[in-house]
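S.K.: Pasting in a structure now, in C-alpha coordinates, and then I'll have a few things to ask.
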Amino acid sequence: MELYSGYINKLVDELAALPGIGSKSAQRLAFHLINMPQDKVERLAKVMTEAKANVRYCSQCYTLTDSDICPICAKSNRNKRMIMVVENTRDLAAYEKTQKYEGVYHVLHGAISPMIGIGPGDIKIKELVERCAGDVDEVILATNSSLEGETTAMYISKLIKPMGIKVTRIASGVPVGGDLEYIDEVTLSRALDGRLEM
Ligand code: ZN
(Lines give C-alpha, C1' and ligand atoms only; values in the text may rest on other atoms or scores of the structure.)
Protein backbone atom coordinates (compact mmCIF):
# COMPACT_ATOMS: atom_id res chain seq x y z
CA MET A 1 0.00 0.00 0.00
CA GLU A 2 1.31 3.43 -0.94
CA LEU A 3 1.21 5.66 2.12
CA TYR A 4 1.78 8.92 0.25
CA SER A 5 0.82 10.18 -3.18
CA GLY A 6 3.17 9.30 -6.02
CA TYR A 7 4.21 12.96 -6.29
CA ILE A 8 5.20 13.11 -2.65
CA ASN A 9 7.12 9.85 -2.93
CA LYS A 10 9.05 11.27 -5.89
CA LEU A 11 9.83 14.46 -3.98
CA VAL A 12 10.96 12.51 -0.89
CA ASP A 13 13.24 10.32 -3.05
CA GLU A 14 14.91 13.35 -4.67
CA LEU A 15 15.41 15.14 -1.35
CA ALA A 16 16.75 11.99 0.33
CA ALA A 17 19.41 11.74 -2.38
CA LEU A 18 20.94 15.05 -1.19
CA PRO A 19 23.96 14.85 1.14
CA GLY A 20 23.19 14.86 4.85
CA ILE A 21 19.46 14.33 4.37
CA GLY A 22 18.09 11.05 5.67
CA SER A 23 14.66 9.68 4.84
CA LYS A 24 13.04 11.30 7.90
CA SER A 25 14.37 14.76 7.04
CA ALA A 26 13.39 14.22 3.41
CA GLN A 27 9.81 13.49 4.45
CA ARG A 28 9.73 16.52 6.74
CA LEU A 29 11.06 18.78 3.96
CA ALA A 30 8.66 17.33 1.40
CA PHE A 31 5.61 18.07 3.57
CA HIS A 32 6.99 21.51 4.36
CA LEU A 33 7.33 22.25 0.63
CA ILE A 34 3.82 21.00 -0.09
CA ASN A 35 2.43 23.31 2.58
CA MET A 36 4.37 26.36 1.37
CA PRO A 37 2.57 29.01 -0.73
CA GLN A 38 2.80 28.29 -4.46
CA ASP A 39 4.82 31.45 -5.23
CA LYS A 40 7.46 30.61 -2.61
CA VAL A 41 7.93 27.11 -4.01
CA GLU A 42 8.25 28.56 -7.51
CA ARG A 43 10.83 31.08 -6.30
CA LEU A 44 12.87 28.29 -4.67
CA ALA A 45 12.76 26.18 -7.82
CA LYS A 46 13.79 29.23 -9.87
CA VAL A 47 16.82 30.15 -7.74
CA MET A 48 17.98 26.53 -7.84
CA THR A 49 17.72 26.37 -11.64
CA GLU A 50 19.33 29.80 -12.05
CA ALA A 51 22.23 28.97 -9.74
CA LYS A 52 22.86 25.71 -11.58
CA ALA A 53 22.73 27.43 -14.98
CA ASN A 54 24.90 30.43 -14.10
CA VAL A 55 27.49 29.34 -11.56
CA ARG A 56 30.74 28.18 -13.10
CA TYR A 57 34.40 27.57 -12.20
CA CYS A 58 36.75 30.55 -12.12
CA SER A 59 39.10 30.03 -15.06
CA GLN A 60 42.09 30.68 -12.77
CA CYS A 61 41.40 29.25 -9.31
CA TYR A 62 38.38 27.01 -10.03
CA THR A 63 36.26 28.39 -7.23
CA LEU A 64 32.54 28.65 -7.97
CA THR A 65 31.67 32.07 -9.34
CA ASP A 66 29.22 33.95 -11.58
CA SER A 67 31.84 35.32 -13.97
CA ASP A 68 34.82 34.01 -15.94
CA ILE A 69 37.24 35.23 -13.26
CA CYS A 70 36.22 35.30 -9.59
CA PRO A 71 36.39 38.56 -7.56
CA ILE A 72 39.49 37.35 -5.68
CA CYS A 73 41.51 36.51 -8.80
CA ALA A 74 40.31 39.77 -10.40
CA LYS A 75 41.74 41.93 -7.58
CA SER A 76 45.05 43.57 -8.49
CA ASN A 77 46.30 43.71 -4.89
CA ARG A 78 46.27 39.94 -4.33
CA ASN A 79 49.65 38.21 -4.48
CA LYS A 80 49.34 35.89 -7.50
CA ARG A 81 52.67 34.23 -6.65
CA MET A 82 51.21 32.65 -3.53
CA ILE A 83 48.57 29.94 -4.02
CA MET A 84 46.59 28.38 -1.19
CA VAL A 85 45.15 24.98 -2.09
CA VAL A 86 41.78 24.18 -0.51
CA GLU A 87 39.34 21.31 -0.97
CA ASN A 88 36.25 23.36 -1.76
CA THR A 89 34.75 26.83 -2.10
CA ARG A 90 33.42 26.71 1.49
CA ASP A 91 36.99 26.32 2.78
CA LEU A 92 38.06 29.27 0.62
CA ALA A 93 35.29 31.33 2.19
CA ALA A 94 36.47 30.33 5.68
CA TYR A 95 40.00 31.62 4.94
CA GLU A 96 38.69 34.79 3.31
CA LYS A 97 36.76 35.58 6.48
CA THR A 98 40.04 35.77 8.44
CA GLN A 99 41.05 38.73 6.20
CA LYS A 100 44.67 37.72 6.84
CA TYR A 101 45.48 36.04 3.56
CA GLU A 102 46.65 38.15 0.63
CA GLY A 103 47.48 35.46 -1.90
CA VAL A 104 45.15 33.62 -4.27
CA TYR A 105 43.57 30.18 -4.05
CA HIS A 106 43.24 26.93 -5.93
CA VAL A 107 40.09 24.93 -5.31
CA LEU A 108 40.46 21.17 -5.81
CA HIS A 109 36.77 20.27 -5.49
CA GLY A 110 37.45 17.24 -3.34
CA ALA A 111 40.32 15.21 -1.94
CA ILE A 112 41.97 11.96 -2.98
CA SER A 113 40.02 9.10 -1.44
CA PRO A 114 40.78 5.59 -2.73
CA MET A 115 38.05 4.27 -0.39
CA ILE A 116 35.33 5.91 -2.45
CA GLY A 117 37.19 5.79 -5.74
CA ILE A 118 38.33 9.43 -5.99
CA GLY A 119 41.77 9.55 -7.60
CA PRO A 120 44.10 12.47 -8.44
CA GLY A 121 42.50 12.75 -11.89
CA ASP A 122 39.07 13.38 -10.36
CA ILE A 123 40.02 16.66 -8.66
CA LYS A 124 41.70 19.82 -9.98
CA ILE A 125 45.33 18.72 -9.45
CA LYS A 126 46.43 18.81 -13.09
CA GLU A 127 45.10 22.38 -13.26
CA LEU A 128 47.18 23.30 -10.20
CA VAL A 129 50.35 21.89 -11.75
CA GLU A 130 49.62 23.93 -14.89
CA ARG A 131 49.29 27.11 -12.81
CA CYS A 132 52.56 26.32 -11.06
CA ALA A 133 54.38 26.38 -14.38
CA GLY A 134 53.93 30.18 -14.23
CA ASP A 135 55.46 32.56 -11.68
CA VAL A 136 54.67 30.98 -8.32
CA ASP A 137 56.78 31.34 -5.15
CA GLU A 138 54.77 29.32 -2.64
CA VAL A 139 51.99 26.77 -2.60
CA ILE A 140 50.22 26.50 0.76
CA LEU A 141 48.44 23.17 1.24
CA ALA A 142 45.31 23.88 3.27
CA THR A 143 43.47 20.64 2.67
CA ASN A 144 41.66 19.22 5.70
CA SER A 145 43.59 17.27 8.32
CA SER A 146 41.55 14.13 7.57
CA LEU A 147 43.23 11.07 6.05
CA GLU A 148 42.01 12.17 2.61
CA GLY A 149 43.26 15.75 3.13
CA GLU A 150 46.71 14.55 4.28
CA THR A 151 46.98 12.08 1.39
CA THR A 152 46.10 14.85 -1.05
CA ALA A 153 48.64 17.25 0.52
CA MET A 154 51.43 14.62 0.26
CA TYR A 155 50.53 13.82 -3.32
CA ILE A 156 50.57 17.48 -4.39
CA SER A 157 53.78 18.18 -2.49
CA LYS A 158 55.57 15.41 -4.41
CA LEU A 159 54.42 16.93 -7.70
CA ILE A 160 55.12 20.59 -6.98
CA LYS A 161 58.36 20.53 -4.97
CA PRO A 162 60.49 19.24 -7.85
CA MET A 163 59.35 22.34 -9.79
CA GLY A 164 61.43 24.43 -7.36
CA ILE A 165 58.42 25.94 -5.60
CA LYS A 166 58.25 26.29 -1.82
CA VAL A 167 55.49 23.99 -0.54
CA THR A 168 54.05 24.55 2.93
CA ARG A 169 51.35 22.85 4.98
CA ILE A 170 49.04 24.73 7.35
CA ALA A 171 49.94 24.09 10.99
CA SER A 172 48.15 21.57 13.13
CA GLY A 173 45.79 23.26 15.51
CA VAL A 174 43.18 22.57 12.92
CA PRO A 175 41.46 19.60 14.62
CA VAL A 176 42.07 16.23 12.99
CA GLY A 177 39.28 15.33 10.62
CA GLY A 178 37.88 18.81 11.06
CA ASP A 179 36.01 20.44 8.25
CA LEU A 180 37.72 23.79 7.75
CA GLU A 181 34.47 25.70 7.40
CA TYR A 182 33.53 24.96 11.02
CA ILE A 183 36.78 26.26 12.48
CA ASP A 184 36.89 29.77 13.89
CA GLU A 185 38.81 32.55 12.20
CA VAL A 186 41.47 32.88 14.94
CA THR A 187 42.36 29.18 14.67
CA LEU A 188 42.57 29.44 10.89
CA SER A 189 44.79 32.54 11.07
CA ARG A 190 47.12 30.72 13.46
CA ALA A 191 47.19 27.63 11.25
CA LEU A 192 48.18 29.85 8.33
CA ASP A 193 50.85 31.80 10.26
CA GLY A 194 52.36 28.59 11.64
CA ARG A 195 52.56 26.78 8.32
CA LEU A 196 55.61 24.57 7.87
CA GLU A 197 57.65 23.75 4.81
CA MET A 198 57.06 20.22 3.51
ZN1 ZN B 1 39.46 32.74 -9.03
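S.K.: Collect the residues in the stretch 140-164 that are under 19 Å from M82 (Cβ atoms) and of a type in the set (G, A, S), keeping them in residue-number order.
M.R.: Answer for the stretch 140-164, where residues must be under 19 Å from M82 (Cβ atoms) and of a type in the set (G, A, S): A142, A153, S157, G164.
S.K.: Name every residue in the stretch 8-33 that is open to solvent by 70 Å² or more (accessible area, probe 1.4 Å) and in contact with a Gly (Cβ under 9 Å, 6 or more places away or on another chain), in order of residue number.
M.R.: Selection gives nothing.
S.K.: Taking the stretch 58-81 as the region of interest, how many residues are open to solvent by 40 Å² or more (accessible area, probe 1.4 Å) and either among the polar types (S, T, N, Q) or free of Cβ contacts under 8 Å to residues at least 60 places away in the same chain (or both)?
M.R.: Residues flagged as open to solvent by 40 Å² or more (accessible area, probe 1.4 Å) and either among the polar types (S, T, N, Q) or free of Cβ contacts under 8 Å to residues at least 60 places away in the same chain (or both) within the stretch 58-81 amount to 15.
S.K.: A further question on this structure: Look through the stretch 34-57, keep the residues that are over 25 Å from R90 (Cβ atoms) and in a helix (DSSP H, G or I), and return whichever of them is least open to solvent (accessible area, probe 1.4 Å).
M.R.: If we take residues in the stretch 34-57 being over 25 Å from R90 (Cβ atoms) and in a helix (DSSP H, G or I), then V41 is least open to solvent (accessible area, probe 1.4 Å).
S.K.: Evaluate the following for I8: is it over 23 Å from the mean Cα position of the chain (by Cα) and away from the ligand (no atom under 16 Å from the Cβ)?
M.R.: So I8 fits the description; yes.
S.K.: Follow-up question, since we're still on this one. So, in the stretch 51-70, how many residues would count as being more than 30 Å from L147 (Cα to Cα) and near the ligand (Cβ under 8 Å from one of its atoms)?
M.R.: Looking only at that region, the number is 1.
S.K.: So which residues in the stretch 63-72 are out of contact with any Leu (no Cβ under 7 Å at 6 or more places or on another chain) and either in a loop (DSSP other than H, G, I, E, B) or over 22 Å from T152 (Cβ atoms) (or both)?
M.R.: The answer is T65, D66, S67, D68, I69, C70, P71.
The values are calculated or read from the model by the stated rules, or taken from the named source; none is laboratory data. Just so it is clear, the structure is predicted and the values come from calculations on it, not from any experiment. Every residue, glycine among them, receives a Cβ derived from its backbone with ideal geometry; neighbour counts consider all protein chains shown. Surface areas here come from the heavy atoms of the whole protein model, side chains and all, with no ligands, DNA or RNA. Shrake-Rupley method; radii C 1.70, N 1.55, O 1.52, S 1.80 Å.
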